[in-house]
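Below: the structure, in structure tokens.
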């Protein structure tokens, strides 16, 4: 029996075929081209699913389910993609219904962070743990939470929106319209925006003046003691630490797993933020928490999508 995983992103669509124990057999990637509209993108998803399934169906085995990790907001209970900012024209698209009509198998839709936490839970650094938090720090900030073996969804499937938790109401404007969200301080987008503002408003010498600012170059400059970059990155570290304190107080997890491009900066970002969290968490809540980076790498979204099927069907853990 096979499982299909679909990692639907604003830039790429990735589809893989897996065994029921989560072993990836074959994958294929195409550009999303969301500017062509939802009908075009859905047609590409269907074609990819047919392609990867046909690659492995020489033994005539059955397809038992399709999992889809998608940008939000979503209605995960109805299987509807509501209005993602990076999927043009996707307004209330009943993606689950469309794919179930095409393939006649159960389809499970969830946001990409929830898919990723399930991937790490079944096959990565969350294995053999019952309570884990997956925090992805990239263009935005996403979070998925498993508590006592159960994926936390909330009443409408949008629990654990840590990226839009306000940690400084006088802080910078976030893309969601609020001020001072975690995402405005910690995400790659937030770091670049604040770095540009610092350069515009502060006349001190900086090696970044006149350059195309990226998250990586801001971190590189900070590590070389560029004063302006150092201030922005130290602020980022502090607010990531505050975010971790709040996560620990909210969820009391065994393990916190970091994913996403910004987290790949490594110890320079994570070590002081974790130290801040340990110092500012009440009692002994942080004493035995494991802090890890994601094990599944660039395939975490794809493996996580397949894990949605495994989780919902309660299949056995991999051997």
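Derivation of every value follows stated rules applied to the coordinates shown; laboratory data play no part. These numbers come from a predicted model, not from an experiment. Ideal geometry is used to build each Cβ from the backbone, glycine not excepted, and the neighbour counts take in all protein chains shown.
Its relative contact order, with pairs defined as Cα atoms under 8 Å and 6+ residues apart, puts segment 2-119 at 26 percent. Within segment 199-229, which residues have the backbone N less than 15 Å from the label spot 7 Å out from residue 268 along Cα→beta-carbon, could you tell me? Output list for this probe position: 207-208, 214-229. If R0 is taken as 25 Å, the Cβ-Cβ distance between residue 36 and residue 101 corresponds to a FRET efficiency of 0.75. Sorting 189-200, 286-297 by their mean Cβ neighbour count within 10 Å, with the most densely packed peptide first, gives 189-200, 286-297. Among beta bridges identified by DSSP and lying wholly in segment 128-294, the antiparallel ones come to about 55 percent.
The mean sequence separation of alpha-carbon pairs under 8 Å and at least six residues apart, normalised by the residue count of segment 128-294, gives a relative contact order of 24 percent. Peptides 3-9, 207-213, 225-231 ranked from most to least packed give 3-9, 225-231, 207-213, packing being the mean of other C-beta atoms within 10 angstrom over each peptide's residues.
Using 0.36 nm per residue and subtracting the Cα-Cα separation, the extra length available between residue 91 and residue 47 on full extension is 13.6 nm. Approximating the spin labels as points 7 Å out from Cα along Cα→Cβ, the residue 1-to-residue 252 distance works out to 3.5 nm. Summary of the geometry: segment 166-204 and segment 265-319, compared by the centres of their Cα atoms, lie 25 Å apart.
Over the chain, DSSP H runs of length four or greater, each weighted -39,500 (n - 2.57), average out per residue to a 222 nm ellipticity of -12000 deg cm²/dmol.
Tell me which label goes with the value of percent of Cα pairs over 32 Å apart computed from the coordinates here: [x] 38; [y] 30; [z] 24. Here the calculated entry is [y]. Of all DSSP-defined beta bridges confined to the chain, some 55% are antiparallel rather than parallel. Computed over the chain, relative contact order equals 20 percent, with contacts defined as Cα pairs under 8 Å that lie 6+ residues apart.
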